[in-house]
1. Rounded to the nearest 10 Å², what accessible area does E2 have for a 1.4 Å probe in the complete protein model?
2. Evaluate Rg over Rh across the chain, taking Cα atoms for both radii and Kirkwood's formula for Rh.
3. Could you work out the helix-only [θ] at 222 nm for the chain, with each DSSP H run of four or more residues adding -39,500 (n - 2.57) and the total divided by the number of residues, to the nearest 500 deg cm²/dmol?
4. Name the long-range amide H neighbours of K20: under 5 Å, sequence gap of 5 or more, or other chain; modelled H, no Pro or chain starts.
Amino acid sequence: MEFKPLPRFGSNVAPRLAAKAKVATLTLPEQLLGKCGLEAGKVSVLTAVDGRHTYIRIESTKDGDYRLVSRGKSLVLSSLELRPTRPTADQEKGVNLDVHSTDDGLTLRLPRDWQLPQVA
């Protein structure tokens with residue numbers, strides 16, 4: 001697997017992940033969407049662990065189990081499965097994620113302290 005860095009267009013372009021009361025909410029800003037080919041609709045969400053880092057990958061697909069919805073100029077994905085096992089105060093406010101882009105989706109690196117229930 002080869003990752004390529006995605007250049008930033010400003011501090012407001014980073015995807016943001018927040019642990020809400022019962023779900024995690026991932027917000028993808030509009031400037032990022034053209035780079036990764038994602039749009040509102042069904043998506044697949046995959047996870048991978050590489051050393052001490054956990055990654056999530058989002059791909060557009062007709063039979064995905066998740067849905068990206070438009071909210072203003074951003075797309076939002078809400079998921080119980082992306083909520084950390086023990087959310088911290090910072091995670092509840094939301095954290096910016098590191099991004100790697102591919103031709104057919106978006107790969108995001110979670111912060112080290114964001115432990116997913118099925119990956120932990």
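1. 140
2. Working: Rg = 13.3 Å, Rh = 14.4 Å.
Using Cα coordinates only, the ratio equals 0.92.
3. -2500 deg cm²/dmol
4. Distant-sequence amide H within range of K20: T25.
The values are calculated or read from the model by the stated rules, or taken from the named source; none is laboratory data. All values derive from a computational prediction rather than experimental measurement. Ligands, DNA and RNA are stripped out before the accessible areas are found, and what is left, the full protein with its side chains, is counted by its heavy atoms. Shrake-Rupley method; radii C 1.70, N 1.55, O 1.52, S 1.80 Å.
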